[in-house]
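**Q** Below are the structure tokens for one structure; questions will follow.
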Amino acid sequence: MHEFKQLPVEGVIGKVNNKVRIAGCEIRKQRLIPDDRGFLMELMRPDWKEFKGWGQVYVTMCLPHTVKGFHYHYNQIDNFNCVSGMAKLVLFDDRPDSPTRGIINEFFIGELNPSLVVIPNYVWHGFMALGEERAIIVNCPTKMYNYEEPDEYRAPFDSFGYKWFDVNG
């Protein structure tokens with residue numbers, strides 16, 4: 001199996017700006033359809049404007065007080081839905097030709113805010129569970145995972161000057 005590529009990112013700093021959405025990032029508020037048995041929620045449909053293609057579907061889980069990230073993909077676009085718990089999803093745009101280069105966006109998604117977040121290729125991203133519960137993310141990426149040559153490039157979780165853990169007061 002091929003190793004993931006760890007990229008040098010020392011000195012690359014971003015700025016949190018949730019008023020300006022990273023170019024190419026899309027958000028779709030998901031709709032819970034409740035009934036007396038529970039609920040149903042569609043995660044991705046090919047007739048939605050956010051749909052860019054289909055590769056596979058997988059689930060990933062993050063334990064409380066743990067960060068999964070940062071990483072990005074050359075070829076695939078990720079489509080994140082948090083289906084259990086709550087997650088803080090963080091995106092950093094370091095694309096040289098992007099009008100939003102240097103911007104960090106934070107999204108709080110999950111049971112209290114069901115949302116689909118479309119993450120463009122070349123945009124760094126990671127997530128963490130909020131509170132004391134695990135967060136479960138279902139991703140519908142546009143490309144199938146290639147075990148021999150993974151399309152994933154990693155950086156340490158504390159890159160880009162981002163502080164995952166803030167003191168609440």
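**Q** How do MET44, MET144 rank when sorted from fewest to most other Cβ atoms within 10 Å of their own Cβ?
**A** If I rank by nearby Cβ atoms, fewest first, I get MET144, MET44.
**Q** How many times 2.2 N^0.38 Å is the alpha carbon radius of gyration of region 66-142?
**A** With N residues counted in region 66-142, Rg over 2.2 N^0.38 Å equals 1.07.
**Q** Please give the net charge around ILE77, taking every other residue with its beta carbon less than 9 angstrom from that of ILE77, where Lys and Arg add +1 and Asp and Glu add -1.
**A** +1
**Q** Now for a separate question. Taking the beta-carbon count within 10 Å as an exposure proxy, list CYS140, CYS25, CYS82 from fewest neighbours to most.
**A** CYS25, CYS140, CYS82
**Q** Then there is this: What is the distance, in nm, between label points placed 7 Å from the Cα along the Cα-to-Cβ direction at VAL20 and at MET41?
**A** 3.1 nm
**Q** Can you give me the distance in nm between label points at TRP54 and TRP164, each placed 7 Å from the Cα along the Cα-to-Cβ direction?
**A** About 3.3 nm separates the two model spin labels.
**Q** Can you give the longest stretch of the chain with no exposed loop site, where a site means chymotrypsin sites (Phe, Trp or Tyr not before Pro) in a DSSP loop (not H, G, I, E or B) with at most 10 other C-beta atoms within 10 Å?
**A** 1-73
**Q** Which of these, ASP151, ASP36, ASP93, has the largest mean-square fluctuation under a Gaussian network model of the chain (Cα springs below 10 Å)?
**A** Looking only at ASP151, ASP36, ASP93, the largest GNM fluctuation is found for ASP36.
**Q** Which shape class, rounded, prolate or oblate, goes with region 1-134 when its Cα gyration tensor gives a ≥ b ≥ c as root eigenvalues, a/c under 1.5 marks rounded, and past that a/b bigger than b/c marks prolate?
**A** prolate
Bear in mind these aren't lab numbers, they're just calculated from the coordinates by the rules spelled out. No experiment lies behind these values; they were computed from the predicted model shown. Heads up, the Cβs are rebuilt from the backbone with ideal geometry, glycines too, and the neighbour counts pull from every protein chain shown.
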